[in-house]
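Peer 1: Sharing a structure below in structure tokens format, with a few things to ask.
Values in this text are rule-based calculations from the coordinates and carry no lab data. Every value quoted in this text rests on a predicted model; they were computed, and no experiment measured them. All Cβ positions, glycine included, derive from the backbone under ideal geometry; neighbour counts span all protein chains shown.
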Amino acid sequence: MKTPKTHPKWLKPKKFDSNIVVIGAGAAGLVASYIAAAVKAKVTLIEKHNMGGDCLNTGCVPSKALIQSTRLLAKTRRANEFGIKHISAEFSFAEIMERVQQVVKTVAPHDSVERYTQLGVEVIEGCAKIVSPWKVEIVTATGTRRITTLSIVIAAGARPFVPPIPGLEAIDYLTSDTIWNLREQPKRLVVLGGGPIGCELAQCFARLGVQVTQIEMAPRLLMREDTEVSDRVAARFVQEGIDVRLEHIAKQFIIENGEKVLVAEHLGEQVHIAFDHVLMAIGRVANTSGYGLEELGVELSPRKTIQVNAFLATNYDHIFACGDVAGPYQFTHTAAHQAWYVAVNALFGCVKKFPVDYSIIPWATFIEPEVARVGLNEQDAREQGIAYEVSVYDIADLDRAITDGEADGFVKVLTRPGKDKILGVTIVGDHAGDLIAEFVLAMKYNIGLNKILGTIHIYPTLSEANKYAAGIWKKNHQPEKILSWLARFHAWRRS
Ligand SMILES: Cc1cc2nc3c(=O)[nH]c(=O)nc-3n(C[C@H](O)[C@H](O)[C@H](O)COP(=O)(O)OP(=O)(O)OC[C@H]3O[C@@H](n4cnc5c(N)ncnc54)[C@H](O)[C@@H]3O)c2cc1C
Ligand SMILES: NC(=O)c1ccc[n+]([C@@H]2O[C@H](COP(=O)([O-])OP(=O)(O)OC[C@H]3O[C@@H](n4cnc5c(N)ncnc54)[C@H](O)[C@@H]3O)[C@@H](O)[C@H]2O)c1
């Protein structure tokens, strides 16, 4: 729908205070503002809570900080595998959780009001409401302001999904927003959800010595990945003492003999699981209400995110949305990727518009074993009816992984049948999230496996696994006729 020039309800201003108003200073809003300021637009960024949004304050940064502490603990427990008789790791749960906050504080200046002000962004700390297609009202600690704008970028993010499970209201449940406030180590933790949040945090808490039960209604963890990935993850989790309960649907929370109990349904049977704390990690819902979308009639998608077109515009062609509030992905780097398109389309759409490109989206789940992916995996390819070949390199064979005591995992590359064109890659193993970068670049610039094979990789590094995966492909596509001719040629020379 084209934005009406006049509207019975709203009058289009003749002049504007800003070229672009951005609502929300998370990954999406920060990057959109940065780009708009870089091209000298007048940009106003509004944040009602914490600069940096979910990623800095309650998402990526605290979770990765906690993961690092708990990896160290897990490594010390494997000391004898490294020829060390014993390392004792004494720790205080509260101190580890405090370090997480210190890390957040150290990263915070990257996303701060000061930094963005210096970059040329007008930052307003307050709650924004869109009051007309060209006007945003901001309630701040000192009063209310109204700003007229040529375009609006909605980057209001998402929040943890908390379903109306009977009895939940009586339980002081945790989410990824609140778990960071814990300072007393829970004894028994139920983690509801087997997605990335559930998996990353279940492993962290188990490694801290918490008795963790992970509940997932699907038949496997990390359902977006191929089955063998989920199986490896579940096997490692069980080995580390996590009670992994698949095909368990949370039905009710009750108090039984003074204990908190989750009642789950497993294959038609009722299962009772006692716990002290429960973490709700069953997805995130877009923030779409309370700031003017309803009044404007901004359309939502069936997934309850803001409906956007290929240019990331809403049903108003000068109001855009990006990041978790728009989906379809919920990652910091996809929010940043979309932010470029919204900033450019909002500011220069009158001349040229760019459709967002989702052809090569990578991600990683930072558990051990680490899981990273770009493009198609086998289940996607089958669902989409795309023909593919598979080349798998087993990291158990990799020299560096062996020296590091991390010889577990694989690099799986999907290619077009008979061609070296990469359709997608899954890597499971140490530093998978870093290793995948080579394939992301290769896919982006249409570099095939032959070229990866012909590229020098430093010995001994984990990155050699990528070259060896390309080598497996090459071996499966040997030029048999030429090789048999060469064998005859060498035999003739010897004779
Ligand atoms: C535990 C956890 C771990 C994660 N780990 C990773 C990871 O390792 N890698 C990764 O890529 N992603 C990870 N994510 C996902 C990532 O955090 C999000 O995808 C990303 O932060 C989304 O950014 P955003 O800008 O869309 O939204 P947000 O970061 O949620 O920002 C939206 C902002 O808008 C503000 N806002 C909302 N309404 C208004 C209003 N009316 N007025 C003013 N301000 C408003 C909010 O206060 C908020 O600050 C993780 C998430 C969680 C929960
Ligand atoms: N490393 C990363 O990049 C990273 C880390 C954490 C989060 N994230 C982002 O945050 C998003 C949200 O993560 P998430 O793990 O909360 O959500 P998710 O949707 O990825 O996974 C939720 C899981 O909970 C299960 N579930 C839902 N209802 C249930 C019930 N009643 N009982 C049992 N199981 C139930 C689902 O089957 C699903 O497997 C992710 O999609 C991801 O984009 C990314």
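Peer 1: Any idea which of SER33, ASN287, ASN181 is furthest toward the positive side of the dipole for the chain, if Lys and Arg beta-carbons carry +1 and Asp and Glu beta-carbons -1?
Peer 2: The Cα lying farthest towards the positive end belongs to SER33.
Peer 1: How high is the relative contact order of segment 419-495, in percent, counting Cα pairs under 8 Å that sit 6 or more residues apart?
Peer 2: It comes to 25 percent, rounded to a whole number.
Peer 1: On to the next question. For each of CYS204, CYS322, count neighbouring Cβ atoms within 10 Å of the residue's Cβ, then give the residues from fewest to most.
Peer 2: CYS204, CYS322
Peer 1: Between ASP276 and VAL238, how high is the FRET efficiency from 1/(1 + (r/R0)^6) when r is the Cβ-Cβ distance and R₀ = 25 Å? Nearest 0.05.
Peer 2: FRET efficiency, ASP276 to VAL238: 0.70.
Peer 1: How high is the relative contact order of the chain? Use alpha-carbon pairs under 8 Å, at least six apart in sequence, and give a whole percent.
Peer 2: 14 percent
Peer 1: Let me spell out the model: positive unit charges on the Cβ of Lys and Arg, negative unit charges on the Cβ of Asp and Glu, origin at the Cα centre of segment 127-216. What dipole size does that give, in debye rounded to 20?
Peer 2: Here the size comes out at about 340 debye.
Peer 1: Between ARG382 and LYS451, what is 0.36 nm times their sequence separation minus the Cα-Cα distance? Round to one decimal in nm.
Peer 2: 22.2 nm
Peer 1: Using +1 at the C-beta of Lys and Arg and -1 at the C-beta of Asp and Glu, which of LEU449, LEU347, HIS477 has the Cα lying farthest in the positive direction of the dipole of the chain?
Peer 2: With unit charges placed on the Cβ atoms, the residue in question is LEU347.
Peer 1: Give a residue-ordered list of calculated ³J(HN,Hα) values for segment 344-356 (Karplus: 6.51 cos²θ - 1.76 cosθ + 1.60, θ = phi - 60°; whole Hz; x for Gly, Pro).
Peer 2: Each residue's phi maps through the Karplus curve to give 5, 5, 5, 8, 10, x, 5, 9, 8, 10, 10, x, 5 Hz.
Peer 1: Right, something else. Quick one: which of 354-363, 128-137 comes out on top by average Cβ neighbours within 10 Å, and what's the full order, highest first?
Peer 2: Sorting 354-363, 128-137 by mean packing, highest first, produces 128-137, 354-363.
Peer 1: Placing +1 on the Cβ of each Lys and Arg and -1 on the Cβ of each Asp and Glu in the chain, which of THR334, GLY241, HIS431 has its Cα farthest towards the positive end of the resulting dipole?
Peer 2: Final value for the positive-end residue is THR334.
Peer 1: Is it possible to state the helix-based mean residue ellipticity at 222 nm for the chain, with each DSSP H run of 4+ residues giving -39500 (n - 2.57), the sum divided by total residues, to the nearest 500 deg cm²/dmol? What is it?
Peer 2: -9500 deg cm²/dmol
Peer 1: Still on this model: What list of ³J(HN,Hα) values in whole Hz, one per residue of segment 102-118 in order, does the Karplus curve 6.51 cos²θ - 1.76 cosθ + 1.60 (θ = phi - 60°) give from phi, with Gly and Pro shown as x?
Peer 2: Once θ is set to phi - 60°, the couplings for segment 102-118 become 5, 4, 4, 5, 5, 7, 3, x, 4, 10, 7, 4, 4, 4, 6, 5, 4 Hz.
Peer 1: Same structure, new question: Could you calculate the FRET efficiency of MET223 with HIS266 from 1/(1 + (r/R0)^6), where r is the beta carbon distance between them and R0 is 22 Å, rounded to 0.05?
Peer 2: In this case the efficiency is close to 0.80.
Peer 1: Would you kindly state how much longer the chain becomes between TYR329 and TYR459 on full extension, computed as 0.36 nm times their sequence separation minus their alpha carbon distance, in nm to one decimal?
Peer 2: This chain segment gains 43.2 nm when fully extended.
Peer 1: Work out the length of the dipole vector of the chain about its Cα centre, built from +1 on the beta-carbon of each Lys and Arg and -1 on the beta-carbon of each Asp and Glu, and round it to the nearest 20 debye.
Peer 2: 2100 debye
Peer 1: Would you please put 10-16, 401-407 in order of how densely packed they are, using the mean number of other Cβ atoms within 10 angstrom per residue and starting with the highest?
Peer 2: Order by mean packing, descending: 401-407, 10-16.
Peer 1: Given 0.36 nm per residue, what is the gain on full extension from THR178 to THR403 after removing their alpha carbon distance, in nm?
Peer 2: 77.1 nm
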